Amino acid sequence: MKASQMYLYTLREVPADAEIASHIFLLRAGFIRKLVSGVYGFMPLGLRTLHKVEQIVREEMDKAGAQEIQMSALQPAELWQESGRWAAYGPEMWRVKDRNQREFCLGPTHEEVFTDIVRQNVSSYRQLPVNLYQIQTKYRDEARPRFGLIRSREFIMKDNYSFDRDEEGLDKSYWNMFHAYENVFDRCGLTYRPVEADSGAIGGNGSHEFCALCDVGEEEILYCEECDMAATAEKAEFKDAVAPAEEEKPLEKVHTPGTKTIEDVCKFLGLPQEKSIKALLFAVQADVKDPVKYVAAFVRGDRQVNTTKLVNALDIPEYALTMADEGAMGPATGCVGGFTGPVGLHDCTIIVDTELVNAKNMCAGACEYDHHYINMNYGRDFKGDIVKDIKLLQEGDPCPVCGKPVKKAMGIEVGQVFKLFTKYSEPMGLTFKDENQEDHPVVMGCYGIGVTRTMAAIVEQNHDDNGIIWPVSVAPYHVIIDLVNIKDETQKAAAEDLYEKLQNAGLEVILDDRDERPGVKFKDADLLGIPVRIVVGKKAADGIVEYKLRRGGDVEEISAAEAAERAIALVNAERYGK
């Protein structure tokens, strides 16, 4: 397409609220435009790239045997009430009522809808397996939308759902989708890592995330170079340290003035931090109408609490857990800010990390100002209502598989696969009859790709100081031809001829025929990230053009014919492997 006819408006200045490369460059290059916080529209070039990402996803889903459908984003509350998620999903769900006061939501995901669709038609084992998908807009009322397309309130997602007769079938469907996702992200040019993940609000108890590795990612990944262990920080298991053998000493309360932190009290008592117990205080309230319940979580003093593990141990939605107001919790439970321990608490849930069960002669708060206990032992002096691993694995901690120190990387979650088992089929009555006409719940899987987030992740991994560097597979156009002097008939004819040849070869081409200075055109070409740039200038009469690859290539003066051949060969090699 000719640039003079394009709706193309680039920005020279960095938008004030843009913090990371993908947000900055997608706005500056005119790929997206902000409507309100967390809500973006796609301009012509942005939509072309978005459609290319969608098409890659569609092709790999079709190849894997999934069938595409399209469901409404508007979902009736009744389906979510059947599954039990209407109240559990939390404030991220956009809830609306029609004129008759019937409740709906703008779908953040579609497990209930797809389950309902399948239960209307599938009743026999002969009709299974089934795998259905859609590419559709989703809505989540994020408390803090940020980073442009990385965390927005409206986004495009590919979600699909598998339906099998048993866990063996689910396992096949799961790994089939897992490998299809590898193909998708390979074709999008991403560097990524699949890691074990928590299932979150979707549910189930088996999941992997696909994380595009990136310094500005919101997902923390722990991995081991000595074995295959890789997991998100929220999911990573923590292998308990082996406590040294000790005789239990008598419990003793000691005066520890002004020592509200683990560091202070351990320094005052001359103890290593691993001989102390850290308390973290939380409030649980799923609805403002519900009474507040309190939780005291205890881990070793040199550990951190993993709130995702804590939420799972308490079996509550994530949004229901907040840090407690110690002023309110103190009178209700006996806790004392900075001096709370497991002895002396009442009317709250006490959750103890597994590592404390065998630890001996520990130091902990005495639930009394300026006092701590020493020589505290689990079983004799205190017990937990819940005992679970609630520790956060951190860089340098021992790998839970092989014991070697783990390393940390940051990533952007671009996809996730889940084993749902019967989480939705049982409460919603999705069953099938086997060969003996006996009823069984259908076993389900769920698989999502953030399409708009994938687009942003590609930019995060493919840019320089001048702009985006699109992989050929998702570039809005393959080649940009910069016509230096639009009034020079020789240059104009050479540019038009090259433009026509490349288009006839199946390439997508921009001819920048705008009445702008060459420097402006070159800067825009770099900003837009078009893979190949060909400049038709003063040597056009001699059949010579400048040829440059956006990804680190040097400027070369070659014949227009050779430039066309190179561009065609490059694009075809990327698109078709030729």
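The values are calculated or read from the model by the stated rules, or taken from the named source; none is laboratory data. All values reported here derive from a predicted model rather than from experimental measurement. All Cβ positions, glycine included, derive from the backbone under ideal geometry; neighbour counts span all protein chains shown. For accessibility, only protein heavy atoms count, side chains too; no ligands or nucleic acids. Shrake-Rupley method; radii C 1.70, N 1.55, O 1.52, S 1.80 Å.
Among what's in segment 117-127 and is surrounded by fewer than 19 Cβ atoms within 10 Å (Cβ to Cβ) and among the aliphatic types (A, V, I, L, M), pick the residue that is nearest to the chain's Cα centre (by Cα). Result: Ile117.
Evaluating Ala328 against the criteria (1) open to solvent by 20 Å² or more (accessible area, probe 1.4 Å); (2) of a type outside the set (Phe, Trp, Tyr); (3) modelled with pLDDT under 95; (4) in a loop (DSSP other than H, G, I, E, B) leaves one unmet condition, (4). With respect to (1) assigned to a loop (DSSP other than H, G, I, E, B); (2) open to solvent by 30 Å² or more (accessible area, probe 1.4 Å); (3) of a type outside the set (D, E, K, R), the lone exception for Gly341 is condition (2). Is it true that Arg48 is in contact (Cβ under 8 Å) with a residue 40 or more places away in the chain, within 27 Å of Phe522 (Cβ to Cβ) and not in a loop (DSSP other than H, G, I, E, B)? Yes; evaluated as a whole, the condition is true for this residue. Of all residues in segment 74-90, exactly one satisfies the criterion of being open to solvent by 50 Å² or more (accessible area, probe 1.4 Å) and either touching a Lys or Arg at 6+ places or on another chain (Cβ under 7 Å) or at pLDDT below 95 (or both), namely Ala87.
Check segment 186-197 and report whether any residue there is among the small types (Gly, Ala, Ser), open to solvent by 10 Å² or more (accessible area, probe 1.4 Å) and either modelled with pLDDT under 95 or more than 18 Å from Glu426 (Cβ to Cβ) (or both). Looking through segment 186-197, at least one residue is among the small types (Gly, Ala, Ser), open to solvent by 10 Å² or more (accessible area, probe 1.4 Å) and either modelled with pLDDT under 95 or more than 18 Å from Glu426 (Cβ to Cβ) (or both). Would segment 132-148 turn up any residue that is over 23 Å from the mean Cα position of the chain (by Cα) and not in a strand (DSSP E or B)? Within segment 132-148 (the criterion being over 23 Å from the mean Cα position of the chain (by Cα) and not in a strand (DSSP E or B)), the answer is no, since none of the residues qualifies. Among residues of segment 389-403 that are farther than 17 Å from Glu220 by Cβ, those with a Cβ under 6 angstrom from a residue that is open to solvent by less than 30 Å² (accessible area, probe 1.4 Å) and assigned to a loop (DSSP other than H, G, I, E, B), sequence gap 6+ or separate chain, pair up as Asp389/Phe238; Val401/Met229.
Annotation: Phe114 fulfils all but one of (1) at pLDDT below 95; (2) open to solvent by less than 70 Å² (accessible area, probe 1.4 Å); the unmet one is (1). Checked against the criterion of being in contact with a Leu (Cβ under 9 Å, 6 or more places away or on another chain), buried (at least 19 other Cβ atoms within 10 Å of the Cβ), not polar (S, T, N, Q) and not in a strand (DSSP E or B), the candidates Cys335, Cys363 yield just one match: Cys335. Among the residues of this structure, Met71 does not count as one that is at pLDDT below 95 and either crowded, with 20+ Cβ neighbours inside 10 Å or closer than 24 Å to Ser173 by Cα (or both).
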